[in-house]
Amino acid sequence: MTADSVPAGAAGWREQGLDGLLDELGLAGLPEREFPTDGWSGARFSMIERLASADLPPERFVLKRTSPSIDWIAAATGDADLREACLASDARRHAMVLGPTLPYLGAATDRDGAAVIVMPDLSTELLAWERPAHEAGEIDVDVVDRTLDRLAMLHAFPWPVVLDPPPFPWCPLPERLTLTARPTCLRHIERGIPAGVESAGKLLAGWDAFERVATTSARKLVRDLSEDPGPLVAALGRLPAVGLHGDLKLANVAIGPGPDQIRFIDWQMTIQAPIAVELGWFLVTNSAPLPEPPEALLGRYRTSLTWHLGRRSAGGARSEEASIVGDWDAQVDLAWVVGLLLRGWRKGLDTEAGATLGSGVSGADDLALWSDRAVDAARRRI
């Protein structure tokens, strides 16, 4: 049985050994070298380089090894089937639906039982992320717009029906919303996964800063939802759920080499949820390099979404928008709440560091904006 014949939800990557996959890709017998990354999860990366031949150009490939024993995000989100490997193991079928957005060439299991995801080396196409303040404005508005447009296209297309049935191991919503919360950080430390312990230390330092500089109402909102995300989950449950990438920071976006080619990597937290979850994370995690304030980006995202919905609907975009978006104002409100809950820690650090964001806003003003919007939204929606 090969990756092409095993449904994604059945964790088809377990059915193929790495040697067999590398042989299929013409990479058998080539040496692996360490491939350093700045990722936090604990997944391990290596690289294989194939030299030019009479039939093939030179190429580099990245191998990502992951399992719940080394990857704290997989452990924290109950990812026993390793959803990214499930997508990658059936990459050809999914590419027919998601097009070039998926970069994967396949997935298999290594001798230790870990999943190994194989993809082309996109390091030269990936956008920079978490830049120093003086470089933050280097992300071009056009690049952001192209990314938002591809994200809107992803949300507009009913691609989850291709993954289900059999049931795809979607990321659970409560665990996604509280992945970086203080109580979850303490569980990361208890699990003892080295990358999780290290990441928890950074996150907890940020939450300490947030407690020092955020308003009383913002601190209470984050503390309450960190302990019990149920009210936020219930509010999101009143909106339509669609397929989301789940972790769309700019570092996971590859632009090129073609002018219209955009690929997303790191589908580890792929989830079915309202677009508020994706938009809240995208806006908050990319605050440093985004060249414009959130409201402007939300407006252009909605324009793109309406256009893509109109393309796929004989009855026009309005009827489709009801099934994808529901109440747009509610989506925006909950995006503020999601963003502050997931990344208030970073805003605390930026405020204390006196950072200036790509939009020209100070870290302190950005924290005040997100705090005020999230608190007001929670009063209306939660």
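Helix 194-213 and the longest principal axis of the C-alpha atoms of the chain enclose an angle of approximately 20°.
Carbon and sulfur: what percent of the chain's accessible surface (1.4 Å probe)? About 54 percent, which is the carbon plus sulfur part of the accessible surface. With contributions of -39500 (n - 2.57) from each DSSP H run of at least four residues, the per-residue ellipticity at 222 nm computed over the chain stands at -15000 deg cm²/dmol. Think of the stretch 300-382 as having a plus end and a minus end, set by charges on the Cβ of Lys, Arg, Asp and Glu; of Thr351, Ala377, Gly326, Gly326 sits farthest toward the positive end of this dipole. Two numbers describe the Cα atoms of the chain: Rg and Dmax, which are 20.5, 67 Å. The 1.4 Å probe gives accessible areas that order Asp266, Asp329, largest first, as Asp329, Asp266.
Taking a ≥ b ≥ c as the square roots of the eigenvalues of the Cα gyration tensor of the stretch 252-312, is the shape rounded (a/c under 1.5), prolate (a/b larger than b/c) or oblate?
Taking the square roots of the gyration eigenvalues as a ≥ b ≥ c, the stretch 252-312 is rounded.
Once the Cα atoms are used to define both axes, helix 275-285 deviates from the longest principal axis of the chain by about 90 degrees. Please label the shape of the stretch 169-232 as rounded, prolate or oblate, based on the square roots a ≥ b ≥ c of the eigenvalues of the alpha-carbon gyration tensor (a/c under 1.5 means rounded; beyond that, a/b larger than b/c means prolate, else oblate). The shape class here is oblate. In terms of its alpha-carbon gyration tensor, the stretch 331-382 comes out prolate; a/c meets the 1.5 threshold, and the first ratio a/b outweighs b/c. Using the 1.4 Å probe convention, the accessible area of the chain works out to 41 Å² per residue with neighbouring protein chains retained. A convex hull fitted around the alpha carbon atoms of the stretch 12-93 yields 116 Å³ per residue.
When the convex hull of its Cα atoms is viewed from all sides, the stretch 248-382 shows a mean projected area of 9.4 nm².
The values are calculated or read from the model by the stated rules, or taken from the named source; none is laboratory data. All of these numbers come straight from a predicted model, not from anything done at the bench. Don't worry about glycine lacking a Cβ; one is built from the backbone with ideal geometry, like all the others, and counts go over all protein chains shown. Surface accessibility is based on the protein's heavy atoms, side chains included, excluding ligands, DNA and RNA. Shrake-Rupley method; radii C 1.70, N 1.55, O 1.52, S 1.80 Å.
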